[in-house]
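Starting off with a structure, shown below.
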Amino acid sequence: MKLVRKDLEKDNAGQVTLIPEEPEDMWHTYNLLQVGDSLRASTIRKVQTESSTGSVGSNRIRTTLTLCVETIDFDSQACQLRVKGTNIQENEYVKMGAYHTIELEPNRQFTLAKKQWDSVVLERIEQACDPAWSADVAAVVMQEGLAHVCLVTPSMTLTRAKVEVNIPRKRKGNCSQHDRALERFYEQVVQAIQRHINFEVVKCVLVASPGFVREQFCDYMFQQAVKTDNKLLLENRSKFLQVHSSSGHKYALKEALCDPAVASRLSDTKAAGEVKALDDFYKMLQHEPDRAFYGLKHVEKANEAMAIDTLLISDELFRHQDVATRARYVKLVDSVRENMGTVRIFSSLHVSGEQLGQLTGVAAILRFPVAELSDQEDESSSEED
């Protein structure tokens, strides 16, 4: 993401002009946009024209509109963003108050104005504009007959390919059908890796599976690479890291990211940090439950006692339609930081973020037990939402 201009007043009202450069920047833009904001961008509008003879025709005209945002629709797989709202600035082609939908896309500049830019939104702009935050991890999660090829970016886990091949069982004295199907499956996974993984950017490719599937697959892939003199795979052989997972489904990627060998290799990536924080929370919940809390009410009470060491919070909560609720989450984040606690904002598009979402989206690891909180443990944590 490229920051073109930033004009903020003392009360944090103002506007920023940005150019999304990568598909992932569309996810950041989605998190920046809120209902009630004003968005200015170039768009195409179908305009009816009437000739001197009275015949009516229509032309597609490129114009710049400023909308008051009403609905925001994000397609995570295609990384496309559609914003619908009403026109709030005089325009020769579009009446004031008329509805229009702007499709935001990479390399198209837009200006976003807010009445209040909070700390969480400003931090996201900083992260989005930092070139170090690029997609540098890929993963192949597989079992016999099923594989998912994923890209693990700092903000989301994108499934780039799903490979499914029916593998017949081995029969006594005749394994040829099983072996042929397995070879066909491995070949399709290799093709998916070459098609969807950019080795110039990716630092590491995790190959995760139960049993010996990952070893057999990697042996096959590099034997074929030698036979066909596939320089792309041979030159990047050192980037492949084999780890255990319980299955070939996408959710098993979390197990792979938890592996100590992977954690040390990916220590500088946001995704690995999120996974470790969530893993630490679950361990604390198991061994010292009075130092691990989730649910907004409990976490706020722990924060009042200045007991929070690490706050885990989902970015989904900052997209809440209710301004007061959203402000409550922002206040919690700011307060934890003021009290020298660590804040980890999880992406709801990561497997770890999905798991945190099942725990109400907000959790905390405490520095010390808080007695009055422990007494309230039997209260339903869903009440606060």
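With the dipole of the chain worked out from charges on the C-beta (+1 for Lys and Arg, -1 for Asp and Glu) around the Cα centre, which of Leu122, Leu253, Thr63 lies farthest toward the positive end?
Going by the Cα projections, it comes out as Thr63.
Throw me the Rg/Rh for region 1-141, computed over C-alpha atoms with Kirkwood Rh, two decimals.
Using only Cα positions, Rg/Rh for region 1-141 is 1.05.
Which whole-number value in Å² is the accessible area per residue of region 269-376, probe 1.4 Å?
Per-residue accessible area for region 269-376 comes out at 44 Å².
Continuing with the same structure: Write down the Kirkwood hydrodynamic radius of the chain, to one decimal in angstroms, obtained as one divided by the mean of 1/r over all alpha carbon pairs.
Final number for the Kirkwood radius of the chain is 23.8 Å.
Helix-only mean residue ellipticity at 222 nm, the chain, DSSP H runs n ≥ 4 weighted -39,500 (n - 2.57), per residue, nearest 500. What is it?
-10000 deg cm²/dmol
So how far apart, in nm, are the two label points at Val323 and Gln194 if each is 7 Å from Cα heading toward Cβ?
5.6
Same structure, new question: Simple spin-label model, 7 Å along Cα-to-Cβ: Asp7 to Thr101 in nm?
In this crude label model, Asp7 to Thr101 measures out at 3.1 nm.
Further, regarding this structure: Excluding ligands, DNA and RNA, what is the solvent-accessible area per residue of region 135-265 at a probe of 1.4 Å, expressed in Å²?
50
Given N residues in region 269-376, what is its alpha carbon radius of gyration divided by 2.2 N^0.38 Å?
Compactness ratio reported: 0.99.
Taking 0.36 nm per residue of separation and subtracting the Cα-Cα distance, what length does fully extending Gln216 through Arg60 add?
The Gln216-Arg60 span can extend by a further 50.6 nm.
Quick one: with all protein chains in place, what share of the accessible area of the chain is carbon or sulfur, to the nearest percent (1.4 Å probe)?
That fraction is 46 percent.
Mind grabbing the base-10 log of I(q)/I(0) for region 146-205 at q = 0.15, 0.18 Å⁻¹? Debye formula, identical points on the C-alpha positions, no solvent, two decimal places.
Log10 of I(q)/I(0), two decimals: -0.55, -0.69.
Taking only C-alpha pairs under 8 Å that are 6+ residues apart, what is the relative contact order of region 1-127 in percent?
Reported as a whole number, the value is 31 percent.
Please compute, for the alpha-carbon atoms of region 164-319, the extent along each of the three principal axes and give them in descending order in Å.
Per principal axis, max minus min of the Cα coordinates gives 66, 41, 30 Å.
Over the chain, what is the relative contact order in whole percent, taking alpha-carbon pairs under 8 Å and six or more residues apart?
13
Work from the charge dipole of the chain (Cβ charges, +1 for Lys and Arg, -1 for Asp and Glu, about the Cα centre) and give the residue of Phe222, Gln286, Leu104 farthest towards its positive end.
Phe222
Shifting gears a bit: Considering the convex hull of the alpha carbon atoms of region 167-255, report its projected area averaged over all viewing directions, in nm², one decimal.
6.6
Here's another thing I want to ask about it. How big is the dipole moment of the chain about its Cα centre under a simple scheme where the beta carbon of each Lys and Arg is +1, that of each Asp and Glu is -1, and everything else is neutral? Debye, nearest 20, please.
1640
The values are calculated or read from the model by the stated rules, or taken from the named source; none is laboratory data. Bear in mind that the values here come from a model prediction, so they are computed numbers and not experimental data. Positions of Cβ are backbone-derived with ideal geometry, glycine not excepted, and every protein chain shown enters the neighbour counts. Protein only, heavy atoms only, side chains kept; ligands, DNA and RNA dropped before computing areas. Shrake-Rupley method; radii C 1.70, N 1.55, O 1.52, S 1.80 Å.
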